[in-house]
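Undergrad: Got a structure for you, questions after.
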Amino acid sequence: MSDGITRQELSEELKTSIAMGSIVEKGSNDNGVYVKYADGTMSCYIKNLEIIGADNVYAQNYWTFPAIFTYIPVVIPVATIKQINGAGKSTTLHSLYVVNLSQSGGNVRVVEGGIFDDKTLYRVSCHAIGEWK
C-alpha cells in the first residue's frame, strides 16, 4: 500500500476496531432498520408505524422487530404525528407504551382522553435496544 501500511497492519487495525464496538452488521426490511455491534448490542428502529383507532379507549399495532433479539429488549415509543379523528376533533394523548413484548416484537399502544374511532391515526417511531448474541 502506498501510505506505508501493510495489508496485515490494516487487517489488525480493523479487527481491533470491530472488537471495540464497531458495527458488525446493518440492515433493513419492511419492519425497520437494525444495527448489530461487535459487543453483542443490537439497536432496531422504525419510523411512522401507523396506529389506527378501533372504537376503544386505546389503539395498538404490533411492531415486529427487523431482527430478533436474544433477550427481551427495551423499547422506547415516540408519537411523531397525530392526525385529527373522524369527528374533526383533536383529542389528548394520555400515554404511549409497549405491551406483550417478546424477542421478536410487541404491541405499541396509544391511550387517549377520548374514545378512538376508525379515523383516528397516530404515526409512532420506536427504538428498541438489547442483545443479539
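The values are calculated or read from the model by the stated rules, or taken from the named source; none is laboratory data. Please read these numbers as outputs of a predicted model, since none were measured by experiment. Ideal geometry is used to build each Cβ from the backbone, glycine not excepted, and the neighbour counts take in all protein chains shown.
Undergrad: Residue by residue through segment 101-133, note down the ones that are part of a loop (DSSP other than H, G, I, E, B), modelled with pLDDT of 80 or more and not aliphatic (A, V, I, L, M).
TA: Looking only at segment 101-133, we keep the residues that are part of a loop (DSSP other than H, G, I, E, B), and these are 101-104, 113-120, 132-133.
With modelled with pLDDT of 80 or more added as a condition, the list becomes 101-104, 132-133.
Residues satisfying the conditions are 102, 103, 104, 132, 133.
Undergrad: Still on this model: Would you confirm whether any residue within segment 12-33 is in a loop (DSSP other than H, G, I, E, B) and either modelled with pLDDT of 90 or more or surrounded by 14 or more Cβ atoms within 10 Å (Cβ to Cβ) (or both)?
TA: Narrowing segment 12-33 to residues in a loop (DSSP other than H, G, I, E, B): 20-22, 30-31.
With either modelled with pLDDT of 90 or more or surrounded by 14 or more Cβ atoms within 10 Å (Cβ to Cβ) (or both) added as a condition, the list becomes 30-31.
Yes, there is a match, as at least one residue in segment 12-33 is in a loop (DSSP other than H, G, I, E, B) and either modelled with pLDDT of 90 or more or surrounded by 14 or more Cβ atoms within 10 Å (Cβ to Cβ) (or both).
Undergrad: Also, I was wondering about something else. Here are 81, 51, 46: which of them is at pLDDT below 90, part of a strand (DSSP E or B) and surrounded by 16 or more Cβ atoms within 10 Å (Cβ to Cβ)?
TA: On the way: 81 fails: surrounded by 16 or more Cβ atoms within 10 Å (Cβ to Cβ); 46 fails: at pLDDT below 90.
Step by step, each of 81, 51, 46 is checked, and only 51 is at pLDDT below 90, part of a strand (DSSP E or B) and surrounded by 16 or more Cβ atoms within 10 Å (Cβ to Cβ).
Undergrad: Anything in segment 60-78 that is modelled with pLDDT under 90 and touching a Lys or Arg at 6+ places or on another chain (Cβ under 7 Å)? List them, or say none. Let's see the steps before the verdict.
TA: In the first step, residues of segment 60-78 are kept if they are modelled with pLDDT under 90; the result is 60, 78.
Of everything in segment 60-78, just one residue is modelled with pLDDT under 90 and touching a Lys or Arg at 6+ places or on another chain (Cβ under 7 Å), namely 60.
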